[in-house]
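The values are calculated or read from the model by the stated rules, or taken from the named source; none is laboratory data. Every value quoted in this text rests on a predicted model; they were computed, and no experiment measured them. Cβ placement follows ideal geometry from the backbone for every residue including glycine, while neighbour counts extend to all protein chains displayed.
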Amino acid sequence: MSAFAHVPASKPDAILHLNTLFAQDQSPNKVSLGVGAYRDENGKPWILPSVKAAEAVISADLTKYNKEYPPQPGYPLFLKSCQEFLLGEDHTAIAEKRVASCQSLSGTGSLHVGMCFLMNNYAGHQFYMPSVTWPNHYGIFEKAYGKQSKYLEYTYLFKDGQLKIDFESMKKDMNNAPNESIFLLHACAHNPSGIDLSKDQWMEVLAIFKAKKHVAFFDVAYQGFATGSFEEDGFATRLFAREGVEIVVAQSFAKNFGLYGERVGCCHIVHTDQNNAQLTLNLQGYMCLIVRQTWSMSPVHGAYIVQTIGQDPELKKQFLVDVQTMSSRIKKMRQMLYDELMRIGTKGDWTHILTCIGMFTFTGLTPAQVEHMKVKHAVYLVTQGGRMSMCGLTEKNVAYVAAAMKETVENVK
């Protein structure tokens, strides 16, 4: 008998398993609304034109863009591009040398580096998660902090099923937390709900953080992808960094660059000591130590793409157009789904389809209704909140999906 015979079967990841079930489904009408990746109007993966152009630049000079190990924190021009996409080229935090950055493995790797850093250098401070968040946040926290450590939750959405932010309860939770607590925040395009704070609400949260000296840990997975504007989607992160709140940022280029399989991202720590370049180097060095002990070196190809686009004015201009293309198609599908639900007289209030933002939307369908959508209509959504990926909708399938939703809400309580 094997020495490992005692190892039990692992519970499959709910979202990834949904994709497996979809692939096995033989229905000619099947629709995947669970996948967390952009799809074009034909339901196919889309490589951004700016990324194709950057690939051509890279492949034309393999002496410059070689396959050697990169510097431990990542290439300087890559890190420069990351900071500029995140905060803007003229942000005071960059000018004051308050931004420590280290390349990592997309959003998940960046979250891991940030949490390990806080665990080792800010121990004893309470960690808060939003009451509704990306499920993988929990596993990453446990990996970094240990199974015995406990996070607390702060209120995000109303508990009674309303698809709205319970902002008063959120503020109460933040005010009642111990000073210098850590709060995980979705910078934009909240995953999985698609429901974001307004700019005025972010200003109120900022005031609490300054008074309580909380640390803001921003998960930035969709900047530019949500509204089509890096400035708009970066409002909260740029605001907190400018106003003297210590922040940690997990930055991913999977969605906005379409670099899902390249696993390219960056972890940033923005401190409050102006022109303390040594502190910035110290923070970067500690993040590098975490990377060295985990995956050693970050992959270069995705970094080459990001820095090539970030440092070439024409490619960057094309990239921003590409991001607008993706964002605009998602907004169009939101409108088309809402209009079709209204046209066929679907019961319920569906205005949240329009007011939510980014890739995902909580539909409000119950687990039983989600299961019915899958079994009867071969329409696949995530169980939590009936989460729908708007990228899976096309002009060809939106009427079918709307009809399936209407039949489901009428016949499944």
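Examine segment 375-394 for a residue that is of a type in the set (Lys, Arg), in contact (Cβ under 8 Å) with a residue 40 or more places away in the chain and farther than 21 Å from Asp196 by Cα, and state whether such a residue exists.
The answer is no, given that none of the residues of segment 375-394 is of a type in the set (Lys, Arg), in contact (Cβ under 8 Å) with a residue 40 or more places away in the chain and farther than 21 Å from Asp196 by Cα.
Conditions tested, residue by residue: (1) of a type outside the set (Phe, Trp, Tyr); (2) more than 30 Å from Trp134 (Cβ to Cβ); (3) modelled with pLDDT under 90; (4) in a loop (DSSP other than H, G, I, E, B).
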| site | (1), (2), (3), (4) |
| --- | --- |
| Phe4 | no, yes, no, yes |
| Asn29 | yes, no, no, yes |
| Gly34 | yes, no, yes, yes |
| Ala37 | yes, no, yes, yes |
| Val51 | yes, no, no, no |
| Ala56 | yes, yes, no, no |
| Asn66 | yes, yes, no, yes |
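Which one is nearest to the chain's Cα centre (by Cα), of the residues in segment 104-138 that are free of Cβ contacts under 8 Å to residues at least 40 places away in the same chain and surrounded by fewer than 14 Cβ atoms within 10 Å (Cβ to Cβ)?
Ranking the qualifying residues of segment 104-138, first place goes to Tyr138.
Against the definition (outside the structural domain of Ala216 (by TED's automatic domain parsing), among the acidic types (Asp, Glu), surrounded by fewer than 22 Cβ atoms within 10 Å (Cβ to Cβ) and part of a helix (DSSP H, G or I)), how does Glu340 come out, yes or no? Spell out the reasoning first.
Numbers: outside the structural domain of Ala216 (by TED's automatic domain parsing): yes; among the acidic types (Asp, Glu): yes; surrounded by fewer than 22 Cβ atoms within 10 Å (Cβ to Cβ): yes; part of a helix (DSSP H, G or I): yes.
Against the criterion (outside the structural domain of Ala216 (by TED's automatic domain parsing), among the acidic types (Asp, Glu), surrounded by fewer than 22 Cβ atoms within 10 Å (Cβ to Cβ) and part of a helix (DSSP H, G or I)), Glu340 qualifies.
Condition check ((1) closer than 24 Å to Tyr222 by Cα; (2) surrounded by fewer than 17 Cβ atoms within 10 Å (Cβ to Cβ); (3) not assigned by TED's automatic domain parsing to the domain that holds Asp25) across all residues:
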residue	(1), (2), (3)
His372	no, no, no
Lys376	no, yes, no
Val379	no, no, no
Val382	yes, no, no
Gly386	yes, no, no
Ser389	yes, no, no
Gly392	yes, no, no
Ala403	no, yes, no
Lys406	no, no, no
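Would it be correct to say that Ala207 is of a type in the set (A, V, I, L, M, F, W, C), on the phi < 0 side of the Ramachandran plot and in contact (Cβ under 8 Å) with a residue 12 or more places away in the chain? Working first, answer last.
On the way: of a type in the set (A, V, I, L, M, F, W, C): yes; on the phi < 0 side of the Ramachandran plot: yes; in contact (Cβ under 8 Å) with a residue 12 or more places away in the chain: no.
The answer is no for Ala207.
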